[in-house]
1. Can you list the HN-Hα couplings for region 97-104, worked out from phi with the Karplus curve (6.51, -1.76, 1.60; θ = phi - 60°), rounded to whole Hz and with x for Gly and Pro?
2. What is the gain in length, in nm to one decimal, between V19 and R114 on full extension, counting 0.36 nm per residue of separation less the C-alpha to C-alpha distance?
3. Check V76: other-chain or 5+ apart residues with amide H under 5 Å from its amide H, H built from backbone geometry?
4. Rounded to the nearest 500, what is the 222 nm mean residue ellipticity of the chain from helices alone, with -39500 (n - 2.57) per DSSP H run of 4+ residues and division by all residues?
5. From the backbone phi of region 12-26, what are the Karplus-calculated ³J(HN,Hα) couplings (6.51 cos²θ - 1.76 cosθ + 1.60, θ = phi - 60°) in whole Hz, Gly and Pro given as x?
6. With +1 on each Lys and Arg Cβ and -1 on each Asp and Glu Cβ, and nothing else charged, work out how big the dipole of the chain is about its Cα centre, in Debye to the nearest 20.
7. Against the 2.2 N^0.38 Å scaling, with N counting residues, where does region 9-138 land? I'd like the Cα-based Rg ratio to two decimal places.
8. Contact order normalised by length for the chain, with contacts defined as Cα pairs under 8 Å and 6 or more residues apart; what percent is it?
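Any read-out appearing in this document is the output of simple, stated calculations on the displayed coordinates, not a laboratory observation. Predicted, not measured: the structure shown is a model, and the values here were computed from it. All Cβ positions, glycine included, derive from the backbone under ideal geometry; neighbour counts span all protein chains shown.
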Amino acid sequence: MLEDTKRSLVFTNGVFDLVHPGHVDVLLEARKQGDALLVAVNSDASVRRLKGPTRPVRTESERAYVLAALAMVDAVVLFEQDTPLELIRALQPDVLVKGGDYSEGSVVGAPEVRSRGGRVVIVPLTPGHSTTALVEKLRGAP
């Protein structure tokens, strides 16, 4: 009998501007959900549209480089749109993972993944870690 060779693809996305322990916790949990973890990263232009003219702090290539160097990440891809919906439709991941600042109903691509029998996993936030708070602290905000 031939062994089933289907492998499961796990997808997560974000800005990952200043990678912190909360990001690492989400990525570690995401990796446990399947055979390969693909991380989609917002392009610089997308981040500016979403977070304003002072972001990102790190360029898209720097952010992708750091993520690609992490052992739990199998592949990194940049996307120009404000959401990764086109990418999710094209890649058809088996599992979609987001951090606890999202609810399953607010995760872009969740209906598409579930409609193919996939899963959506929400990873609880790691308390005390936020890129926005870190940026404010670095800028000297109280």
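1. So the Karplus estimates, Gly and Pro as x, are 10, 9, x, x, 7, 10, 10, 4 Hz.
2. Stretched out fully, the V19 to R114 stretch lengthens by 31.3 nm.
3. V39
4. -9500 deg cm²/dmol
5. 9, 8, x, 7, 6, 5, 10, 4, 10, x, x, 4, 4, 4, 5
6. Using only the charged Cβ atoms, the result is roughly 280 debye.
7. Its radius of gyration relative to the 2.2 N^0.38 Å reference: 0.99.
8. Once divided by the residue count of the chain, the mean separation gives 27 percent.
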